[in-house]
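To keep things clear, I will list the structure first and then write my remarks on it.
The values are calculated or read from the model by the stated rules, or taken from the named source; none is laboratory data. The shown structure was predicted, so the numbers you read here are calculated from the model rather than taken from an experiment. Neighbour counts are summed over all protein chains in view; Cβ atoms, including those assigned to glycine, are modelled from backbone coordinates with ideal geometry.
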Amino acid sequence: MQIKIVPVTPFQQNCSILICESTRKAAIVDPGGDLDRLLATVEQAGAEVEKIIITHAHIDHAGGAGELARRLGVPIEGPHREDQFWIDLLPEQGASFGFPPAERFTPHRWLENGDQVTFGEQTLDVYHCPGHTPGHVVLFHPGLRVAIVGDVLFQGSIGRTDFPRGDHATLLRSIRERLWPLGDDVSFVPGHGRTSTFGAERRSNPFVSDAALGR
């Protein structure tokens with residue numbers, strides 16, 4: 001599987017284009033905006049979009065999902081159902097932050113902890129990781145040992161929890177109980193900023209290092 005990271009929107013959100021190299025089928029994770037640029041990247045790669053996956057429904061991650069699904073005629077999978085209220089608020093979120101008009105959408109499939117998402121010949125494991133939003137999910141490719149973590153974890157930081165239904169203790173628990181057991185060698189693509197590994201964050205992240213969590 002090939003991963004192309006395309007920062008989109010004024011928030012420079014890392015939209016991930018996942019491409020199955022044997023079938024050239026693709027999944028677009030978190031198309032928050034700049035849809036023409038995303039589609040140009042897919043075309044340049046010689047791929048075909050099979051589905052859209054949403055980690056959580058904040059505007060910079062989900063703002064372009066409805067329009068893109070309609071334009072391509074593909075399904076949307078995710079996030080967890082607990083983010084329904086954020087989807088319902090997409091137009092208001094867009095207006096608040098000066099984004100282009102955003103469409104509400106109904107996912108073809110809500111995702112639960114333990115689910116799997118497939119495209120081409122690739123399979124991603126789903127982990128429900130609430131805290132930043134109540135319905136946030138993380139995608140993990142066991143073969144490549146790589147995770148798409150949205151706004152749960154960043155290089156040197158963690159997701160904000162001051163939005164409606166965010167919760168700091170829940171976010172820390174999600175990271176400690178759902179992400180760390182996957183292994184220190186796992187690389188991750190955050191929703192913003194540079195990639196890192198779980199091991200590096202366990203050693204040095206001031207919010208969730210082993211020292212910070214008292215482990």
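Observations on the model:
- Top-ranked residue in the stretch 135-186 [being aliphatic (A, V, I, L, M) and in a loop (DSSP other than H, G, I, E, B); ranked as surrounded by the fewest Cβ atoms within 10 Å (Cβ to Cβ)]: L144
- Out of G143, G63, G73, sole residue that is at pLDDT 95 or above and at positive phi: G73
- Note on the stretch 96-126: residues that are over 26 Å from E48 (Cα atoms) and not in a loop (DSSP other than H, G, I, E, B) amount to 2.
- Of residues in the stretch 102-118 being of a type in the set (A, V, I, L, M, F, W, C) and surrounded by fewer than 23 Cβ atoms within 10 Å (Cβ to Cβ), the one farthest from G66 (Cα to Cα): V117
- Any hit, the stretch 3-18, residues being assigned to a loop (DSSP other than H, G, I, E, B) and touching a strand residue (DSSP E or B) at 6+ places or on another chain (Cβ under 7 Å): no
- Among the residues examined, H80 does not qualify as surrounded by 17 or more Cβ atoms within 10 Å (Cβ to Cβ), touching a residue at least 60 places away in the same chain (Cβ under 8 Å) and out of contact with any Lys or Arg (no Cβ under 6 Å at 6 or more places or on another chain).
- Members of the stretch 41-68 that are in a helix (DSSP H, G or I), of a type in the set (G, A, S) and surrounded by 22 or more Cβ atoms within 10 Å (Cβ to Cβ): A62, A65
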